[in-house]
Structures are given as C-alpha cells and as structure tokens.
Amino acid sequence: MGRISEHRVLRLEQQTVNLHERLSALEARGAEAPAAPSPVAPVAPAPAPFPAVVTTWRSSAPGPTAGHPEAAATQPAADCAAAPSAAAPRTPAAAAPAARREGSDLEDLLGGRVLAWTGGVAVVAGIAFLLAIAVSRGWIGPGARTLLAGTLSLALIGAGAWLYERRGRTDAALATLSAGVAGLFCTVAVGGPVYGVLPAAAALALAFGAGALATAFAVRWESHGIGALGIVGALIAPVLAGAPSTATTLSLLWLAAASGAAVLVWQRWDWLAVAVFAIGAGQWLWWLAESDRGAAALLLVLCAFGALNVAAAIGFELRVPAARLRASSALLLTVNAMTLALAGWLALDGTGTTTLGRLWIGALAAVHITVGLMTKSTRVNRDIRLLALVLGVILADVTAGLLLEGAVLAGAFAVTTAGLGLLARHRLADRSDAEAGRDATLLSLGLGGHLLLTSIQALTQMSPDAVAAGDTIAAGGYAAVAVVACAAFVAGRFVDDVRPEWRIGLDVVAMSAVAYLTTAALDGPVLAAAFAAEAAVLGSIARRERDPVAAWGGGAYLALALGHGLSLEAPPEALVAGLGDVPGAALALAAAGAAALLGARQLGQARRDRALRAGDDARALMAHLHAALGAAGAVTVLHLASTALVTGFQPGSGATEAGLFDLGVRELGQLLLSGLWAIAGVTALVVGLRRDHRALRLGALALLMVTVGKVFLYDLAALTSLYRVGSFIGLGLLLLVAAGIWQRMRPRPLSDLREVPDAVR
C-alpha cells in the first residue's frame with residue numbers, strides 16, 4: 001500500500017510540474033507578443049506558488065529511490081520548476097510525458113460501460129429467447145414461464161437499484177435495472193396477449209408499474225441508458241414477444257410510450273423522442289392497417305397516440321418555457337400531424353366512412369389552428385403557436401381539396417392566401433430581421449405554397465392548351481383566374497409594410513394572372529388594345545404612387561400589346577402585301593402607339609418632378625427608358641401609316657397573287673412609302689434641331705438611313721425604271737434638304753461657343 005501511495009504522490013507531483021511549465025510558457029508567449037520582432041530572449045517569469053507546495057509535499061512523502069523510474073523522470077522537472085535559470089526556456093512538452101487522463105481511456109470505456117450495457121442487452125435477449133424456447137419445446141407451462149420471467153425481471157430491477165444506491169453509481173447497476181424494466185415489459189406482453197395467463201387489467205397494471213419505475217429512475221438518476229435500454233426495450237417488447245395486434249397489446253404499447261413521454265417532459269433527450277415516435281408509430285399504424293376495425297376504435301387510437309406524441313415533442317418546452325422551439329420538436333410535430341392525417345384518412349376510408357375521414361382531417365386542422373391563434377398570455381410559446389397555425393392551414397387546405405372542387409376550391413385557397421398575408425403583417429410588424437427570421441420563413445413558405453395551390457387549381461379550370469386552341473371556357477375558369485389575381489393583390493397590400501420584397505413577388509403574380517385572363521377572354525385587335533389600356537393604367541399608377549413594380553408591369557403590358565400588333569395584326573410583310581384587316585390593325589397599332597407615347601410623356605414628367613429623389617444612375621436609366629418609349633410609339637404609328645398606305649395599292653381580288661419582287665400595281669405604293677419615310681425622317685430631324693433634342697435627332701437620322709437602305713437595296717431591285725428614277729430623285733432631294741437644314745441648325749460645339757466674344761453673347 002505504501003508503494004502504491006508513493007506512486008500516486010509522484011504522479012500528482014509530475015502533473016503539477018507539467019501544468020506549471022505550461023502556464024510559464026503561455027506567460028512567456030504573452031510577453032513576447034506586443035514586443036518588436038527582435039531576437040532578444042524573453043525573461044522567464046517568476047514561478048507561481050505551485051513549486052513551493054510541491055516541494056513541501058515531496059518533503060513529507062517518502063524519498064524516492066535512485067533506481068525508481070518515476071523519480072528519475074520527475075526530479076529534473078521539479079528542480080527546473082523550483083529554480084528556473086536565466087537560459088532560454090525549454091519546450092514544456094519535452095519536460096515530461098503527457099499526463100494520463102483518468103476515466104476516459106479505452107480500458108475504462110470497454111471495461112466499465114461497453115461490458116455493462118452489452119450484458120444488459122444480452123439479459124433482455126436471453127429472457128425473450130427463454131420464453132420462446134419454453135414455448136416451442138413445452139418445458140414448462142405458460143403460467144410458470146411467465147412467473148419465471150417476471151421474477152427474474154423484478155430481481156434485476158431490485159438488484160440494479162440496490163447496487164446504484166448502495167454500492168456506487170456504476171454503469172453495471174444502470175444496465176441491470178434497464179434490463180429488468182425491458183424484461184418486465186416483455187413478460188407482461190407474453191403473459192397477457194400471447195399466453196392469456198394474465199388478465200388484461202393485471203397486465204396493464206404491471207405495465208403501468210414498470211413504466212412508472214422506468215420514468216422515476218430515469219428522471220432521478222438522469223440516465224440515458226435507462227431510456228435507451230429500459231424504455232426503448234419496453235416499446236419493442238410486443239414485437240419481441242410476438243404479441244398479436246389486440247387492444248391489450250396496443251394499451252401496453254401506449255403505456256411504454258407514455259413512460260418515454262414522461263421522461264421527455266423532464267429530460268429533453270431528442271433521440272428518445274424520435275425513438276418513441278418511430279417505434280410506437282410503426283406498431284399502431286400496423287394495427288390501423290388491419291381490417292375489421294370500427295371507426296370509434298380507430299379514432300380512439302389516433303387521438304391517444306397523437307396526443308402522446310405532441311406531449312413528447314413539446315412537453316419540455318411547456319414545462320421550461322424557451323424563447324424558441326427546437327428544430328427536433330418542430331420536425332416531430334410536423335411529422336406527427338401529417339401521419340395522423342394520412343393514416344386517419346386511409347383507415348377511415350378503408351372502413352367505408354369516407355365522410356368521417358374528411359371530417360377527421362378537418363378536425364385536426366381546427367385543433368392546430370385553435371392552438372395557433374391562442375393569445376400571448378398562455379404558456380405556449382410563439383414558435384409553437386406559429387407552427388401549429390401553419391400545420392392547421394395546410395390540413396385545412398387538404399380538407400378543402402377533399403370537399404370542394406373547381407372555382408370554389410380556388411376561392412378557398414385564395415382566402416387562405418390573403419389570410420396568411422394578414423397574419424404576416426401582424427406577426428412581423430415592429431420586429432427586426434433577426435427576431436422575425438424563423439417566423440418570416442414559415443410565413444413565406446405558407447404564403448407561397450397557398451398561392452401556388454391557388455394558381456394550380458385555376459390552371460386546371462382554364463388550361464393553357466384550351467386558351468391556345470380557342471376552346472370555350474366555362475365561367476368557373478375565368479372566376480378561378482380572377483381569384484388568383486385578387487388574392488395576390490390583397491396579400492401584397494398586407495405585407496407591403498413588413499416585407500416589401502414579398503409584395504413585389506405577389507404583384508407580379510397578380511399582373512400575370514390579369515394578363516392570362518385578358519388573353520383567354522379577348523382575341524385579335526381588341527386583345528392588343530386591352531394590353532395597351534392596361535399598360536396606360538399601370539403607368540399612371542406608377543407615376544402617382546411612385547411604384548417601380550407598376551412601372552415595370554406597364555412596360556411588360558406594352559411589350560405584349562406591341563408584340564401582338566406587330567406580329568399578328570400588322571406583320572412586317574404587310575409593308576409589301578398590305579393589311580388584311582385595316583380597321584383591326586389600326587385599332588391595335590394606334591392603341592399600342594398611344595400607350596407608348598403616353599408612357600414616355602409620364603416618364604418625362606417624372607424626370608422633371610422636383611420631389612423625385614433619384615441618383616445619377618436612376619436618372620440615366622429613366623432617360624434611356626423615356627427615349628425608348630418615345631421611339632416605340634413613333635415607330636408604331638409610322639408602321640401603321642406605312643402599311644395602310646401600301647394596302648391602297650394592292651391588286652384586286654381577281655388578280656394573280658404576286659410575290660414580293662413581282663409588284664405590278666404595288667410599285668406606286670412602294671415609291672410613296674419611300675417618300676413617306678424620307679419626309680418623316682426630315683421632319684423629325686428639323687424638330688430635333690429646333691428643340692435641341694439629341695435622341696430625336698438620332699432617331700431621325702436612323703430613319704433616313706433605313707430609307708436609304710430600302711431605296712438602294714429593295715427599290716433598285718424590285719421597281720421598274722420609271723418608279724426607280726422617281727424613288728432615287730425624291731430621296732436625293734430630301735436628303736439634300738436635310739443636309740442643308742443640319743448645316744444651318746446643327747448644335748454648335750462647346751469649343752465654338754467659347755471662341756465667341758462676350759459682347760456678342
């Protein structure tokens with residue numbers, strides 16, 4: 001014993017010296033850090049009180065012999081710590097070997113824990129095998145088998161409790177007690193449902209007692225092992241025992257799950273929550289899948305296990321209020337709600353009570369929504385209420401999908417979308433992004449998901465194929481698409497103050513729905529005129545409200561109007577072949593051109609508005625957009641005039657169809673078309689020069705260049721000699737006039753202005 005004590009003292013001394021040397025090295029490094037990077041060696045700090053203590057301790061201990069290895073290894077380190085020299089400090093790691101970490105090495109792990117818990121698992125498996133062999137070979141009767149297994153399980157529980165309380169809190173004691181709890185559940189499952197030697201009341205009482213013991217010991221000792229082997233073993237006991245799917249077996253399973261939920265209320269062990277749900281759900285779902293189950297029994301099982309899973313998920317959060325809900329609890333609540341809804345629907349529908357299955361999902365939705373709308377005065381925290389509300393809304397959508405159809409279903413989804421927008425406004429108001437991060441995520445998913453459901457339902461009522469084919473669409477289809485637009489617009493107004501980026505997305509959806517509805521309802525020139533009118537309205541809203549979303553939406557509608565008019569009503573080939581429907585083309589192109597010119601005027605007014613606060617980049621962008629809109633309007637009006645002019649010089653209905661280069665009576669029309677373009681270009685150039693409008697001058701020059709290209713490429717190849725001469729002479733004269741006007745009215749460079757005397761200015 002003296003030699004062992006001496007070894008322990010020496011080992012403690014060595015550990016103390018090592019600790020002191022490490023602290024000295026850290027202090028030396030701290031002294032070196034602020035100094036300049038010079039090669040001066042740091043001064044070793046004064047030793048802490050540890051060496052004195054070590055010296056006193058060593059003087060009271062028996063002196064080590066010269067041949068003792070630990071004494072030889074410890075002596076230099078102790079001397080160095082007690083009397084440091086002025087030389088450079090040596091590396092602490094080289095002073096002595098690293099200290100041995102107590103209780104955490106491989107030997108302790110294998111000998112103290114692995115062996116203990118492996119033995120517990122082996123005992124539980126042995127009890128199950130004993131009962132199975134006894135049954136198969138008929139060694140003893142059912143009653144004796146049950147009594148033997150129960151006695152052994154109770155003995156293990158008592159031995160484990162006594163060892164843990166009286167002989168040290170060891171893993172062996174915990175494993176023994178856990179094996180006894182699992183074995184007792186297995187015994188009850190065999191003796192009750194399998195053998196029938198235990199009455200149902202006695203089996204349930206024993207199971208309740210075993211669950212209470214497991215809960216009490218797991219909470220008192222805070223032992224994960226009891227939860228892992230005892231409670232999880234109890235949940236698996238009916239499967240190990242081969243118990244039939246009866247009410248008694250299901251009751252035993254519920255009691256085992258209840259003991260696990262009770263532990264979770266006091267000790268937040270996420271892994272146990274997952275185990276309780278997964279193992280329990282697998283067994284009661286199998287029970288639901290079997291036939292000949294009454295609707296009342298199905299509902300009772302669903303409610304019992306559903307409530308138990310909810311308690312296991314959020315019991316600890318309710319007992320110890322937390323600021324946020326754990327991700328594991330949120331996932332368990334979500335999976336539990338979806339499992340209850342799907343399993344209940346399938347089970348009740350399988351019994352022929354389809355309506356009751358729909359009502360079951362509706363009842364789940366109502367319960368979750370009620371929890372979500374609870375006031376702040378309750379103990380249920382914010383995250384739980386919000387998650388419950390989102391789950392309730394999802395389940396309500398499923399219920400609506402089962403009960404409703406057509407435009408009515410789209411309307412229900414739309415109402416929910418608007419409601420979620422109002423909820424987002426209420427929940428996210430006066431909260432920073434960091435505080436509202438999780439709420440915003442859930443609400444954005446709910447809002448976007450419901451808007452997607454609404455859109456999908458509307459598209460099923462008014463499919464794009466039917467719209468493209470021109471099929472007759474019922475009034476419900478128009479109503480469904482209109483509902484999408486209204487829902488997105490209303491929800492966007494709700495979230496504008498709290499999440500402007502959401503409002504942008506919702507407004508885009510609303511404008512897209514209106515465009516789709518317009519396309520389905522109208523056709524031909526009226527469709528282009530409608531797009532142009534919608535573009536003008538959005539432009540007015542953008543200028544009045546200074547809303548960039550409305551401005552870009554107006555641009556998109558204008559692009560639709562121009563695209564429809566220039567591609568279908570007055571395509572480019574109409575410049576040669578003429579228009580088939582002059583009034584229709586005039587309506588489409590005039591409306592589109594007027595909308596473009598109106599947009600340019602509104603944008604110009606916005607640029608001159610003194611109240612507008614915009615940077616240089618924004619003003620430059622507005623200038624480019626102003627020029628683009630003006631050019632689009634002018635080109636559209638010119639295209640309408642050009643096609644109308646050419647249409648008057650087309651051959652009659654009885655004439656032979658002519659190609660693009662076989663003009664016949666079209667030659668005069670092409671001659672006049674070249675003159676129209678040249679006159680328009682010269683006129684625009686004069687106006688641009690008088691108003692000093694650079695964009696207008698550039699547009700006029702571009703039109704004149706296009707006219708030159710037409711005359712030299714098309715007219716030269718297609719027109720006869722007389723018309724060709726007229727085209728070239730007319731264009732040449734107009735170009736000379738334009739050049740003369742340019743020379744007289746061109747804007748003078750800044751250098752010329754600087755050379756003019758001050759008196760002349």
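Evaluated with a Cβ-only charge set (Lys, Arg +1; Asp, Glu -1), region 445-564 carries a dipole of roughly 280 debye about its Cα centre, given to the nearest 20. I'd like the FRET efficiency for LEU285 and ALA212, computed as 1/(1 + (r/R0)^6) with the beta carbon distance as r and R0 of 41 Å, rounded to 0.05. Working from the Cβ atoms, E equals 0.95. The stretch between ARG22 and ALA307 holds 97.0 nm of extra length on full extension. This uses 0.36 nm per residue minus the Cα-Cα distance. Amide H contacts of LEU579: THR647, each under 5 Å away and 5 or more positions distant or on a separate chain (H built 1.01 Å from N in the peptide plane; Pro and chain starts excluded). Note on LEU668 and ASP465: their simple-model spin labels are 5.3 nm apart, each label 7 Å out from Cα toward Cβ. For VAL508 and THR441, a Förster radius of 22 Å and the Cβ-Cβ distance give a FRET efficiency of 0.60, rounded to the nearest 0.05. Peptides 255-265, 419-429, 591-601 ranked from most to least packed give 255-265, 591-601, 419-429, packing being the mean of other C-beta atoms within 10 angstrom over each peptide's residues.
Most tightly packed first, judged by the mean number of other beta-carbon atoms within 10 Å of their residues, the peptides 532-544, 466-478, 706-718 read 532-544, 706-718, 466-478.
Working value for region 251-353: equivalent-ellipsoid semi-axes of 27, 14, 10 Å, each the square root of 5 times a Cα gyration tensor eigenvalue, largest first.
Inter-label distance, ASP496 to LEU621: 2.0 nm, where each label sits 7 Å from its Cα along the C-beta direction. Between ARG691 and THR351, the simple spin-label model (points 7 angstrom out along Cα→Cβ) gives 8.0 nm. Applying Stokes-Einstein at 20 °C and 1.002 mPa s to the Kirkwood radius of region 522-650, computed over alpha-carbon pairs, gives a translational diffusion coefficient of 143 µm² s⁻¹. Find, to one decimal place in angstroms, the Kirkwood hydrodynamic radius of region 404-497, where the mean of 1/r is taken over every pair of different Cα atoms and then inverted. When all Cα pairs of region 404-497 are included, the Kirkwood radius is 14.0 Å.
No value in this document is a laboratory result; all are computed from the given coordinates. The structure presented is a predicted model; accordingly, all values stated were derived computationally and were not measured. Neighbour counts are summed over all protein chains in view; Cβ atoms, including those assigned to glycine, are modelled from backbone coordinates with ideal geometry.
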